[in-house]
Amino acid sequence: MTVTELGVPSLRRPVGAAPATGGLIDTYGRVATDLRVSLTDRCNLRCTYCMPAEGLDWLPGDELLTTAELTRLIGIAVTRLGVDSVRFTGGEPLVSPNLEPAIAAAAAMSPRPEIALTTNGLGLARRAARLKAAGLNRVNVSLDTVDADRFATITRRDRLPDVLAGLEAAAAAGLTPVKVNAVLDPVTGLDDAVSLLRFCLEHGYQLRIIEQMPLDAGHHWQRDNTLDADSILSALRAHFELEPDPAPRGSAPAELWRVLGPEHTGTVGVVASVSQAFCAACDRTRLTADGQVRSCLFSREETDLRALLRSGADDDAVEAAWRGAMWAKPAGHGINDPGFVQPDRPMSAIGG
Ligand code: SAM
Ligand code: SF4
């Protein structure tokens, strides 16, 4: 089923109330089992497609979920709402004091969810083994180029060696498969994609190239200034032999390709969020660092679970609110619709 078949979000309103039992279903029949938890909106890099050089107005500390609030919400998701995988993100999750406690709490839940982390890798070298011991299963490290100068230009920080060390430590700690997330620069990105894939194949990391989405804080995104999946694949094909991965894709956002020798074999994924939206298969529910549930990265509506928790609501009430938020999930992100409006929150404050 495609998003077009599902209908235009603005024309279709949720009907009735969300079912009180079962999984986190929406009116299109999708069931969310993958929880993305943003631990902080702060970050120690300033990737140009994500944040301005001066940073942003960070969320005030008293608006952030405490460790106890966070683990209570994750517990409700896992034990009552059918969530079976939890990914911690941000902002930069490694700068949040909640990371290890939240991983350990999630790892102690029954049924135990799969626990993953998306990070820029700064400081990961020091912490990978500890995170593994706390219960982390695997990691995605963001890396847009293996060229140190370009890295410094894209992230506005000269920290490539720290990221490379973080990747090595993650692999050594068994946080596998280690995946590398790349958002390509519009000018140098096709060259970067080729050298990134070579680097990932050599090290046994799985590269995922993500189309740039309109989620930058400055609202400067322009389709013509981004690289789409077709051009990325053409560039890779000029250097590597690729064939479609035969494994069923399921709800995975990346279309996977097998890279055939002679030197190295492996896989590469392309996440065509804009040019070939996969909203019809979306299984995500999102919790921001200030306790708002979002049914979609591009939601313009949020459900305030922090206010519920702080008003003394019991787990039944929180569960019902979460179900209601997901029931109203729109059919698709609408980026390609003429009336598309970018959400107010940037990616770093939602959790990518
Ligand atoms: N700071 C961590 C990191 O960079 O991995 C976690 C948060 S970051 C927002 C999560 C992912 O979102 C990263 O892989 C990043 O490259 C990606 N991202 C950020 N802004 C994006 C955008 N406008 N379009 C597509 N992906 C984006
Ligand atoms: Fe920070 Fe991640 Fe955004 Fe880069 S993409 S500025 S590392 S939150």
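The numbers here are math on the coordinates, done by the rules we state, and not lab data. In this text the structure is predicted, and so the values were computed from the model without any measurement. Cβ coordinates were reconstructed from backbone atoms using ideal geometry, including for glycine residues, and neighbour counts include every protein chain displayed.
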Task: the range 246-352, dipole about Cα centre (Lys/Arg Cβ +1, Asp/Glu Cβ -1), debye to the nearest 20 - done: 220
Task: Cβ-placed point charges (K, R +1; D, E -1), dipole of the range 130-200 about Cα centre in debye, nearest 20 - done: 440
TODO: Give me Tyr49, Tyr205 ranked fewest to most by other Cβ atoms within 10 Å of their Cβ, as a rough exposure proxy.
DONE: Tyr49, Tyr205
Task: Charge dipole (debye, nearest 20) of the chain; +1 at Cβ of Lys and Arg, -1 at Cβ of Asp and Glu - done: 700
Task: Fewest-first sequence of Glu263, Glu54 by Cβ atoms within 10 Å of each Cβ - done: Glu54, Glu263
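Can you give the helix-only mean residue ellipticity at 222 nm for the chain, where every DSSP H stretch with n ≥ 4 adds -39500 (n - 2.57) and the sum goes over all residues, rounded to the nearest 500 deg cm²/dmol?
-9000 deg cm²/dmol
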Task: Evaluated over the chain, the Cα radius of gyration and Dmax, each in Å - done: 19.5, 61
Task: Inter-label distance, nm, simple model (7 Å from Cα along the C-beta direction), Arg126/His220 - done: 3.1
TODO: Restrict the search to the range 223-329; then list the trypsin sites (Lys or Arg not before Pro) that DSSP places in a loop and that have at most 14 other Cβ atoms within 10 Å of their Cβ.
DONE: Arg249, Arg300
TODO: Using +1 at the Cβ of each Lys and Arg and -1 at the Cβ of each Asp and Glu in the chain, identify which of Gly352, Ala170, Phe340 lies farthest towards the dipole's positive end.
DONE: Ala170
Open item on the list: So for the chain, averaging the separation of alpha carbon pairs under 8 Å that are six or more residues apart and normalising by length, what relative contact order in percent results?
Closed with: 23
Open item on the list: Which of Gly250, Gly123, Gly174 ends up with the largest GNM mean-square fluctuation for the chain, with Cα atoms connected below 10 Å?
Closed with: Gly250
TODO: Mind sorting Phe298, Phe88 by how few other Cβ atoms lie within 10 Å of their own Cβ, fewest first?
DONE: Phe298, Phe88
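If you count the DSSP beta bridges with both ends in the range 1-141, what percent of them are antiparallel, to the nearest 5?
On the way: 2 of 15 bridges.
Among the beta bridges of the range 1-141, antiparallel pairing accounts for roughly 15 percent.
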- [ ] For the range 228-243 and the range 22-36, write down the distance between their C-alpha centroids in whole Å.
- [x] 33
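Using the beta-carbon distance between Ser311 and Ala53 and R0 = 41 Å, what value does 1/(1 + (r/R0)^6) give for FRET efficiency, to the nearest 0.05? Write out the running numbers ahead of the final one.
Details: r = 39 Å, r/R0 = 0.95.
For Ser311 and Ala53, the calculated efficiency is 0.60.
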Task: For the range 179-223 and the range 278-316, distance of Cα centres in Å - done: 28
Task: Inter-part distance where the range 97-114 and the range 135-171 are each reduced to a Cα centre, Å - done: 25
TODO: Starting from the Cα gyration tensor of the range 48-147, take the square roots of the eigenvalues, sort them a ≥ b ≥ c, and report rounded, prolate or oblate (rounded when a/c is under 1.5, otherwise prolate if a/b is larger than b/c, else oblate).
DONE: oblate
